[in-house]
Every structure is written in structure tokens, then in C-alpha cells.
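I have placed the structure first, in the form of C-alpha cells, so that the comments after it can refer back to it.
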Amino acid sequence: MLPSLTNAARHYLHAGILSLTALCSMGVMAQSPAPLKLGIIGPMSGGSADFGQAMLNGIQIAVSEINAVGGYLGRPLELVIKDDKGDPETGLKMSEELVKVDKVISTIGFCNTGVAIKAIPVFQSNQNPLIVPCAAGSPVTQQVEPAASYIFRVSPSENIKAPFMVKDILRRGLNKVAIFADATPYGESGKNDVVKALAAANLQPVHVTSFPLGVKDLSAEMEAARNAGANVIIAYTVGPENAVIARSRAAVKWTAPLVGPWTLSFPNFIDTAGPAAEGTMTVQTFIAEPSNERRVAFLSSYRRMFKDSRMAVPMASAQGYDATYLLMYALFGIRDGRLTGPAIKAQLEDIRRVYYGVVATYDKPFNVSSKDAVTENMLVMGLVRNGAVTFAYPEDARRNLFIQRKTQ
């Protein structure tokens with residue numbers, strides 16, 4: 001008896017039956033086939049564990065559905081999970097283990113931009129395809145020339161999120177921007193993307209603060225930003241430092257709106273900042289509301305598997321789920337069962353079937369010149385309200401009834 005399946009699983013099952021039928025007629029089915037090893041890497045512990053575990057949860061839902069309908073040509077997927085702890089050196093070591101010791105066919109992972117950048121040469125030099133469901137810093141897919149790259153991403157790059165949020169604040173009449181960014185590669189690249197987006201509107205920030213991870217108070221910097229005339233704050237950091245920004249703003253009794261990327265939807269911000277988080281605006285691809293059938297099915301699957309009514313970081317779970325299915329769609333394009341790195345790369349660049357995902361409808365999400373699956377039309381603004389993220393604007397909620405496709 002098969003478990004209840006999402007639409008994605010039903011589409012996958014249809015594709016799988018077609019492939020299995022063709023291969024059975026060729027006599028290539030083996031008895032008791034060995035599992036396919038799929039690498040998973042992310043921060044399962046430490047300050048970034050919120051979205052590392054959320055990413056893993058989404059992947060596990062997809063894998064359970066895929067294995068329930070036969071895996072790949074009868075071979076179940078076996079996850080080899082590594083904890084990079086949000087640390088670049090640990091991430092590098094774990095990546096080498098996945099590729100050289102565990103011999104995974106491909107890897108899904110990375111939540112932290114700096115960790116991903118450090119490890120990317122391992123996957124590239126070993127021709128082991130990497131699909132990034134979370135790390136959003138612009139440099140992640142810029143390390144290697146696209147045609148040669150084995151690095152694919154199902155997370156919106158900051159170079160589309162930054163212009164999106166700048167357009168939104170300008171539309172609201174907020175044109176005096178203070179940037180608060182950490183000193184990591186993620187913070188630095190995000191800051192640079194915001195500066196570039198402002199420059200396109202003939203503006204520049206009125207105040208910029210760079211701070212180290214672990215900072216406990218930014219009240220003095222908040223006062224400096226207010227004295228510089230800022231009327232909006234854009235924050236670029238990942239961990240509890242986001243809560244420090246919000247609490248420092250409250251401490252100086254300043255009410256300038258706080259805006260930022262998806263990291264402002266994490267529990268380590270919303271729960272830690274408490275009332276200071278209310279009203280924060282954050283760029284999202286997926287908001288955990290039952291806005292259409294695909295999302296209803298995904299949310300139901302999540303609750304069944306994890307017995308949790310609250311999805312800690314919805315975007316990470318949804319993007320992890322979609323990344324897993326995109327990989328499987330690519331694998332089904334390989335009809336001879338030879339799952340080499342170059343063969344998987346070629347199929348990811350030319351996925352023939354449309355995948356109706358949770359975040360988006362993926363029609364040719366990758367090609368030889370583009371390794372980013374998410375485009376600006378898939379983004380919405382989220383609003384922190386009563387400890388959760390909802391749609392900031394009614395028109396976004398209405399538009400979200402229809403899943404967007406990639407624009408070329």
C-alpha cells in the first residue's frame with residue numbers, strides 16, 4: 001500500500017513507470033539492486049542549524065516519496081548525511097568524504113555561502129554534481145564558468161533578491177538606506193548587491209555598518225544610522241545577529257522598518273528578537289500557507305512525517321524538496337544506468353519533463369549558460385506577524401495561487 005503522494009510524486013511515478021518499462025524490455029533490470037548513495041551536507045548543528053535541519057526535512061520527504069514508488073530503476077535512494085556545522089573547514093572535510101570515501105553520485109547541500117564557496121572546488125574537480133538548495137550568496141554559482149560548472153542552485157541568489165527588496169522599499173518611499181551586514185562572505189556579497197541595486201536607482205546608502213559574528217549589541221551603530229538620516233534598515237546576516245539588529249533598533253526607540261533576505265524568517269531571528277521582530281519584511285520564495293494544491297500536499301506531508309505544525313524555515317524545506325526531485329528527473333534521463341558525473345550534469349542542463357514543484361514550475365530550470373533555477377518573478381515579500389511569516393501584500397497572496405515559471 002503506497003503512502004499518500006503529492007502531485008510531484010505522482011508525476012515522478014508516471015515518469016518512472018515509463019523508464020522502468022523501457023528498461024525491463026531491454027533486460028537490464030538487476031535483482032536486489034544496490035541503493036544509490038546521495039550526499040547531503042549542511043549545518044545540522046551550530047548557529048545555522050535552523051535551516052540546515054529544515055533543508056534535510058524537505059529532502060527526506062522527497063526521498064520517502066521517491067523510494068515508495070521504486071527509487072531509480074528499482075534502486076532506493078540512500079542518504080549519506082554530513083554536518084558541516086556552518087564552518088568552512090569542516091564543510092571542506094565533509095565534502096571530500098562524500099566524494100572520495102562515500103562515493104556519492106551527487107550531493108544536495110550547503111546553507112552558508114562561505115562554507116559552499118570553500119567546498120565547491122571539491123565537487124568541481126571531481127565532476128560530482130552539487131545542487132544547492134539554500135546558500136544564496138551571489139558568488140556560489142559564479143566560481144566556475146557556467147558551461148563547465150557542476151554547481152547548480154535551487155535557491156534565489158542575492159543578486160536577484162537585493163534588487164527585488166530595493167524596488168519594494170523605493171515603492172514605499174523609503175530611499176535613505178542603512179545597511180547592517182556581517183563580515184562573512186554572505187554578508188559582504190549581500191551588502192555589495194544592495195549597493196549595486198541602489199546605484200541602479202541613482203542612490204547610495206546613507207550608512208553602512210559591518211560587524212563580526214557573535215556581536216551582542218549594535219545600539220551605537222543604530223544611533224549613527226538614525227543620525228545619518230536613514231529611514232529603512234537592510235540587514236544581511238544569517239544567525240542570531242539578526243535578532244541583535246532588531247533588539248538594538250528597539251533599544252534606541254527607533255521605528256525605521258527592518259528589511260532583509262530570507263534569513264529574517266528564521267526562528268533564530270523571530271523567536272530570539274520577540275516583539276522586536278514584528279513587522280519585519282523578508283524576501284521569500286515559499287510561504288507556508290495552503291495557497292494551492294501542491295503546497296497543501298507538501299505541508300500535509302511535512303506534518304505527517306515530522307509531527308510538527310510549525311515548519312522552522314519553510315523556504316529551506318521546500319527548496320530541499322524541489323532540489324531532490326529535479327535531481328531525480330535528471331537521473332531518469334539517463335537510460336543506460338551509467339550515472340557518471342558528466343552524464344548527470346548533462347541531464348540537469350537538459351531536463352526534458354516539466355516538474356511541477358512546491359516553489360515553482362520548473363521548465364528547463366538549468367542549461368549550459370545558467371545554473372540558477374530561481375528568477376525574480378518567483379519572489380514575494382513576507383511579513384513577520386505574530387511570530388510567523390505571512391504574505392506582506394494581498395496581491396502577492398493572489399499571485400501565489402499560480403506557481404511561477406523561470407524567466408530566461
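The values are calculated or read from the model by the stated rules, or taken from the named source; none is laboratory data. Bear in mind the structure is a predicted one, so any value in this text is a computation, not a measurement. Note that we place each Cβ from the backbone using ideal geometry, even for glycine, and neighbour counts take in every protein chain shown. Keep in mind that these areas ignore ligands, DNA and RNA; they rest on the heavy atoms of the full protein, side chains included. Shrake-Rupley method; radii C 1.70, N 1.55, O 1.52, S 1.80 Å.
What the table below lists for this structure:
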{"item": "Within the stretch 177-217, backbone nitrogen closer than 20 Å to the virtual label 7 Å beyond the Cα of V252 toward Cβ", "result": "177-183, 191, 195, 204-217"}
{"item": "For the chain: relative contact order, % (alpha-carbon pairs under 8 angstrom, 6 or more apart)", "result": "18"}
{"item": "Simple label model, 7 Å out from Cα along Cβ direction - E223 to E395, nm", "result": "4.1"}
{"item": "Candidate aspartates and glutamates for bridging to K176, where Cα separation is under 15 Å - those fewer than 8 sequence places away on the same chain excluded", "result": "D168, E223"}
{"item": "Rounded D (µm²/s) - the stretch 80-164, Kirkwood Rh over Cα pairs, Stokes-Einstein at 10 °C, 1.306 mPa s", "result": "124"}
{"item": "Electrostatic dipole magnitude of the stretch 299-379 [Cβ: Lys, Arg +1; Asp, Glu -1; Cα centre; debye, to 20]", "result": "340"}
{"item": "Additional length obtainable on full extension of the chain from A388 to A346, 0.36 nm per residue less Cα span", "result": "11.1 nm"}
{"item": "P(r), alpha carbons of the chain - 10 Å bins starting at zero, rounded %", "result": "5, 24, 33, 24, 10, 3, 1, 0"}
{"item": "Whole-number accessible area per residue in Å² for the chain, which is evaluated in the context of all protein chains at 1.4 Å", "result": "38"}
{"item": "Charge dipole (debye, nearest 20) of the stretch 151-259; +1 at Cβ of Lys and Arg, -1 at Cβ of Asp and Glu", "result": "380"}
{"item": "Under 12 Å from K161, Cα to Cα: aspartates and glutamates that are on another chain or at least 8 residues apart", "result": "D193, E376"}
{"item": "Radius 14 Å from Cβ of V132, net charge of other residues (Lys, Arg +1; Asp, Glu -1)", "result": "-1"}
{"item": "Surface share of carbon and sulfur [accessible, 1.4 angstrom probe, percent] for the chain", "result": "54"}
{"item": "Between 0 and 90°, nearest 10: helix 49-68 axis offset from the chain longest Cα axis", "result": "20"}
{"item": "Amide proton proximity set for E78, modelled H, under 5 Å, gap of 5+", "result": "L36, K37, L38"}
{"item": "About the Cα centre, charge dipole magnitude for the chain (Lys/Arg +1, Asp/Glu -1 at Cβ), debye", "result": "720"}
{"item": "Whole-number percent relative contact order across the stretch 69-212, with pairs defined as alpha carbons under 8 Å at least 6 apart", "result": "18"}
{"item": "Count of lysine pairs in the stretch 249-406 with Cα separation under 17 Å (8 or more residues apart, or interchain)", "result": "4"}
{"item": "J(HN,Hα) series, the stretch 256-264, from Karplus relation 6.51 cos²θ - 1.76 cosθ + 1.60, nearest Hz, glycine and proline x", "result": "4, x, 9, 10, x, x, 5, 4, 7"}
{"item": "In nm, spacing of pseudo-spin labels at K364 and S300 (7 Å Cα→C-beta vector)", "result": "3.4"}
{"item": "Relative counts (whole %) of C-alpha pair distances in the stretch 215-260, using bins that are 5 Å wide", "result": "5, 25, 36, 25, 8, 1"}
{"item": "Distance (nanometres) between label positions extended 7 Å along Cα→Cβ at K167 and R353", "result": "3.3"}
{"item": "Candidate aspartates and glutamates for bridging to K196, where Cα separation is under 14 Å - those fewer than 8 sequence places away on the same chain excluded", "result": "E158, E188"}
{"item": "Among N159, A68, V384 - extreme Cα towards positive end, dipole of the chain, charges at beta-carbon", "result": "A68"}
